[in-house]
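Chemist: My questions all concern the structure below.
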Amino acid sequence: MWSWVAHRVTGVLIFFFLFVHVLDTALVRVSPEAYDDVVATYKTPLVALLEYGLVAAILFHALNGLRVIAVDFWSKGPRYQKQMLWTVMGIWIVLMVGALYPVLGHAVREVFGS
């Protein structure tokens, strides 16, 4: 099933984000100017798209993780795992639509004007 692949891929992507985040935060001790330059690049539209992807990965990983827990620890979980997966996908889509403006609003205004 594709959900176990997506769960692992999103976990790895989140790990790499956290790794980069720790490195760029540690940069402030080495060179505050370099840190400011890095943070300035985070305000670009491309990074806003990557940020939206990060939100997508975290939401899917969290929701699917709850589904995996239900399948593992609920006696009827294996019987309802397909329905739970569709429920996870529905909730994920609704939350991703809700995250569009808060995450990408600034990038859209920057590209197309206010």
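The values are calculated or read from the model by the stated rules, or taken from the named source; none is laboratory data. Worth saying up front: this structure is predicted, and the values here are computed from it rather than measured. Cβ atoms come from the backbone with ideal geometry, glycine included; neighbour counts cover every protein chain shown. Heavy atoms of the whole protein, side chains included, go into the accessibility calculation; ligands, DNA and RNA do not. Shrake-Rupley method; radii C 1.70, N 1.55, O 1.52, S 1.80 Å.
Chemist: Picking from 40, 70, which residue would you name as being more than 18 Å from residue 104 (Cα to Cα) and among the small types (Gly, Ala, Ser)?
Modeler: Unique residue meeting the criteria: 70.
Chemist: In region 99-114, what residues are under 23 Å from residue 9 (Cα atoms) and surrounded by fewer than 14 Cβ atoms within 10 Å (Cβ to Cβ)?
Modeler: Scanning region 99-114 gives a single hit, 100.
Chemist: Which count do you get for residues in region 56-80 that are within 23 Å of residue 15 (Cβ to Cβ) and of a type outside the set (Val, Ile, Thr)?
Modeler: 12
Chemist: Which residue pairs have Cβ atoms under 6 Å apart, sit 6 or more places apart or on different chains, and have a first residue in region 1-15 that is over 20 Å from residue 82 (Cβ atoms) and in contact (Cβ under 8 Å) with a residue 40 or more places away in the chain and a second that is surrounded by 10 or more Cβ atoms within 10 Å (Cβ to Cβ) and of a type in the set (Gly, Ala, Ser)?
Modeler: From region 1-15, the pairs are 13/57; 14/57.
Chemist: Only one residue in 55, 38 is assigned to a helix (DSSP H, G or I), touching a residue at least 12 places away in the same chain (Cβ under 8 Å), surrounded by 14 or more Cβ atoms within 10 Å (Cβ to Cβ) and within 18 Å of the chain's Cα centre (by Cα), so which one is that?
Modeler: From the options 55, 38, the qualifying one is 55.
Chemist: Among the residues of region 58-86, count how many are touching a residue at least 12 places away in the same chain (Cβ under 8 Å) and under 19 Å from the mean Cα position of the chain (by Cα). I'd like the intermediate steps shown before the answer.
Modeler: Looking only at region 58-86, we keep the residues that are touching a residue at least 12 places away in the same chain (Cβ under 8 Å), and these are 58-61, 63-68, 70-71, 81, 84-85.
Now restrict to residues that are under 19 Å from the mean Cα position of the chain (by Cα): 58-61, 63-68, 85.
Here the count works out to 11.
Chemist: What residue, among those in region 68-88 that are open to solvent by less than 100 Å² (accessible area, probe 1.4 Å) and outside any helix (DSSP H, G or I), is nearest to residue 3 (Cα to Cα)?
Modeler: The residue in question is 77.
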